[in-house]
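Okay, so here's the structure we're looking at.
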Ligand code: PGA
């Protein structure tokens with residue numbers, strides 16, 4: 001049975017004091033409640049080591065992840081962070097191909113494939129994001145777009161490599177807009193993605209792959225989204241910046 005994963009993508013938000021306060025509060029919440037999901041926080045990478053140490057210190061099971069990594073191994077790439085460095089500060093996960101990276105940094109399938117390779121070499125779990133734009137959805141092209149985003153990237157991996165991947169389905173029209181996919185729309189897309197994994201890697205891999213939903217997940221819609229059979233957790237932006245909202249979403253995960 002797949003355990004749910006609730007992941008908070010903080011993006012470029014919160015200064016040091018705000019971030020430390022919120023992370024400490026989340027640890028406090030996790031320690032004092034019976035949670036039924038894996039929990040991960042993706043802060044700005046600058047904070048990763050400190051978060052990792054705090055979680056270790058408090059014996060918290062909250063993991064930390066980075067929001068991006070370099071496609072290169074190491075060397076003269078000013079401003080970049082290598083997957084091996086991210087691993088060395090204690091990160092367990094890294095996002096790859098978030099729609100903001102695809103849009104603002106023009107990250108292509110080729111670049112994303114390189115990043116996934118670097119992360120797997122460094123023993124970090126890639127959380128691979130995919131999702132269609134509003135124009136794609138309006139022209140009923142969503143399945144074609146997702147197929148293409150997966151086919152040119154993680155579907156090139158060997159079975160052994162693919163087993164380490166987490167997928168996040170994030171319709172671009174739902175990210176930060178307050179518009180959430182209807183639970184049935186999310187379920188349809190998650191089932192479609194699982195079907196693609198099934199045809200590529202077989203039943204056992206498909207039934208073990210975690211597919212998260214992202215896009216305006218909030219306390220008020222979390223329960224319904226998370227109770228869909230193929231929705232294995234959430235990648236949460238805005239609501240992960242508020243302790244009460246994020247903890248309410250964690251709470252919405254029932255025992256599986
Ligand atoms: P949102 O962001 O929850 O604010 O829509 C989700 C994401 O970008 O991962």
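Below are the figures for this structure:
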{"item": "Residues located in the stretch 109-148, provided they are free of Cβ contacts under 8 Å to residues at least 60 places away in the same chain, in a loop (DSSP other than H, G, I, E, B) and under 19 Å from the mean Cα position of the chain (by Cα)", "result": "122, 123, 124, 132, 133"}
{"item": "Of the criteria (1) out of contact with any strand residue (DSSP E or B) (no Cβ under 7 Å at 6 or more places or on another chain); (2) within 30 Å of residue 33 (Cα to Cα); (3) within 16 Å of the ligand (Cβ to nearest atom), which one residue 89 fails", "result": "(3)"}
{"item": "Residue in the stretch 9-20 that is surrounded by 15 or more Cβ atoms within 10 Å (Cβ to Cβ), away from the ligand (no atom under 16 Å from the Cβ) and without any contact (Cβ under 8 Å) to a residue 60 or more places away in the chain present", "result": "yes"}
{"item": "Extreme residue, modelled with the lowest pLDDT, among residues of the stretch 234-256 that are out of contact with any helix residue (DSSP H, G or I) (no Cβ under 7 Å at 6 or more places or on another chain) and more than 10 Å from the ligand (Cβ to nearest atom)", "result": "256"}
{"item": "Qualifying residue in the stretch 68-78 (condition: within 23 Å of residue 238 (Cα to Cα) and modelled with pLDDT of 95 or more)", "result": "yes"}
{"item": "Per-region count, the stretch 197-219, residues more than 15 Å from the ligand (Cβ to nearest atom) and part of a strand (DSSP E or B)", "result": "0"}
{"item": "Qualifying residue in the stretch 188-195 (condition: within 16 Å of the ligand (Cβ to nearest atom) and closer than 18 Å to residue 3 by Cα)", "result": "yes"}
{"item": "Selected residue (criterion: surrounded by the fewest Cβ atoms within 10 Å (Cβ to Cβ)) from residues of the stretch 149-182 that are outside any loop (DSSP other than H, G, I, E, B) and touching a strand residue (DSSP E or B) at 6+ places or on another chain (Cβ under 9 Å)", "result": "150"}
{"item": "Matching option when the condition is more than 30 Å from residue 121 (Cα to Cα), within 16 Å of the ligand (Cβ to nearest atom) and within 16 Å of the chain's Cα centre (by Cα), among 181, 174", "result": "174"}
{"item": "Enumeration of residues in the stretch 94-115 that are surrounded by fewer than 23 Cβ atoms within 10 Å (Cβ to Cβ) and more than 15 Å from the ligand (Cβ to nearest atom)", "result": "106, 108, 109, 110, 111, 113, 114"}
{"item": "Residue list for the stretch 116-143, restricted to those being within 15 Å of the ligand (Cβ to nearest atom), in contact with a helix residue (DSSP H, G or I) (Cβ under 6 Å, 6 or more places away or on another chain) and closer than 23 Å to residue 5 by Cβ", "result": "126, 128, 130, 131, 132"}
{"item": "Condition check for residue 222: within 11 Å of the ligand (Cβ to nearest atom) and at negative phi", "result": "yes"}
{"item": "Yes/no for residue 231 being assigned to a loop (DSSP other than H, G, I, E, B) and either over 16 Å from residue 164 (Cα atoms) or more than 14 Å from the ligand (Cβ to nearest atom) (or both)", "result": "yes"}
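The values are calculated or read from the model by the stated rules, or taken from the named source; none is laboratory data. No experiment lies behind these values; they were computed from the predicted model shown. A quick note on method: Cβ atoms are made from the backbone with ideal geometry, for glycine too, and the neighbour counts reach across all protein chains shown.
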